[in-house]
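The values are calculated or read from the model by the stated rules, or taken from the named source; none is laboratory data. Because the structure is a prediction, the values reported are computed rather than measured. Cβ atoms come from the backbone with ideal geometry, glycine included; neighbour counts cover every protein chain shown.
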Amino acid sequence: MQRAGQRGPLIGMGKLCGKIVKIEGPVALCSGLAPAMVRSLLCGGLRLSLYEPCKSFADSVFGSANIFVKLVSGTISGAIATAVTNPVDVLKVRMQMNMNPQRGPVGELRQIISEEGLKGLWKGVGTSMTRAGALTASQLATYDESKQALLRWTPLEEGFLLHLISSCIAGAVGTLVTGPMDIVKTRLMLQQESKGGIIYRNSFHCAYQARRRPCCELHHTFIQCYKARKALA
């Protein structure tokens with residue numbers, strides 16, 4: 001759906017899902033599952049494990065752990081984790097759009113390297129780092145702040161329900177913040193110079209081209225972005 005606006009009107013998640021199943025079969029809904037899981041393990045583990053050290057370091061330097069320190073800590077940890085795992089993200093996106101599923105992750109990886117070189121594995125890395133920084137900062141900072149607010153202003157106590165509500169709030173904020181960046185990142189990663197030339201010169205050009213479509217495209221739906229976010233959050 002993040003690329004549909006290039007090719008014609010958006011048809012909605014339900015209709016698009018039904019069309020994929022009808023044409024390619026139910027298995028197509030799991031395209032790119034292997035690299036998606038690898039990316040979630042590596043990127044998710046890195047960005048979450050780096051958050052606390054970054055926050056502790058900032059606390060020792062500035063003598064405070066307010067929301068601004070949390071935002072900066074989340075941005076740094078998310079950007080570093082994404083820069084390291086960007087090749088896996090490119091592989092996942094390419095496999096999801098690949099019409100030849102028999103090639104597999106290794107075959108797709110070889111094709112990317114042979115046609116675009118190693119730099120093809122870091123396509124869209126700038127947008128990915130910006131997106132991951134914004135996601136991690138908004139999610140983790142919102143989670144911390146919302147949990148403290150709920151403890152202060154509601155009868156909730158430390159436990160599963162408190163963590164669940166705080167996580168839902170953080171997930172919603174993260175999705176709203178990074179929705180436009182997801183579209184730009186996906187389109188840049190799918191761009192193959194060897195097959196049809198350069199459509200987007202950079203992230204800003206891609207965002208500008210998307211903005212020329214109907215105004216809802218950059219933030220076309222909260223739910224569509226959130227379905228993919230469950231593997232990243």
Review point. Give me the pairs: first residue in segment 112-138 and acidic (Asp, Glu), second residue crowded, with 24+ Cβ neighbours inside 10 Å and outside any helix (DSSP H, G or I), beta-carbon distance under 9 Å, and six or more apart or on different chains, which are they?
Key: 116/123
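On the given criteria, is residue 36 surrounded by 13 or more Cβ atoms within 10 Å (Cβ to Cβ), touching a Lys or Arg at 6+ places or on another chain (Cβ under 8 Å), part of a helix (DSSP H, G or I) and modelled with pLDDT of 85 or more?
Numbers: surrounded by 13 or more Cβ atoms within 10 Å (Cβ to Cβ): yes; touching a Lys or Arg at 6+ places or on another chain (Cβ under 8 Å): yes; part of a helix (DSSP H, G or I): yes; modelled with pLDDT of 85 or more: no.
For residue 36, the condition - surrounded by 13 or more Cβ atoms within 10 Å (Cβ to Cβ), touching a Lys or Arg at 6+ places or on another chain (Cβ under 8 Å), part of a helix (DSSP H, G or I) and modelled with pLDDT of 85 or more - is not met.
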Check your understanding: Of all the residues that make up segment 25-52, how many are without any contact (Cβ under 8 Å) to a residue 12 or more places away in the chain and over 17 Å from residue 132 (Cα atoms)?
Key -> 4
Review point. If you check residue 151 against the conditions, is it out of contact with any strand residue (DSSP E or B) (no Cβ under 7 Å at 6 or more places or on another chain) and surrounded by fewer than 22 Cβ atoms within 10 Å (Cβ to Cβ)?
Key: yes
Check your understanding: When the residues of segment 53-76 are filtered to those that are in contact (Cβ under 8 Å) with a residue 60 or more places away in the chain and within 21 Å of residue 185 (Cα to Cα), which remaining residue is surrounded by the fewest Cβ atoms within 10 Å (Cβ to Cβ)?
Key -> 75
Exercise for review: For residues that are assigned to a helix (DSSP H, G or I) and touching a helix residue (DSSP H, G or I) at 6+ places or on another chain (Cβ under 8 Å), scanning just segment 3-23, find the one that is modelled with the highest pLDDT.
Suggested key: 21
Practice item. Of all residues in segment 105-139, count the ones that are farther than 30 Å from residue 166 by Cα and either touching a Phe, Trp or Tyr at 6+ places or on another chain (Cβ under 9 Å) or outside any helix (DSSP H, G or I) (or both). Key: 3
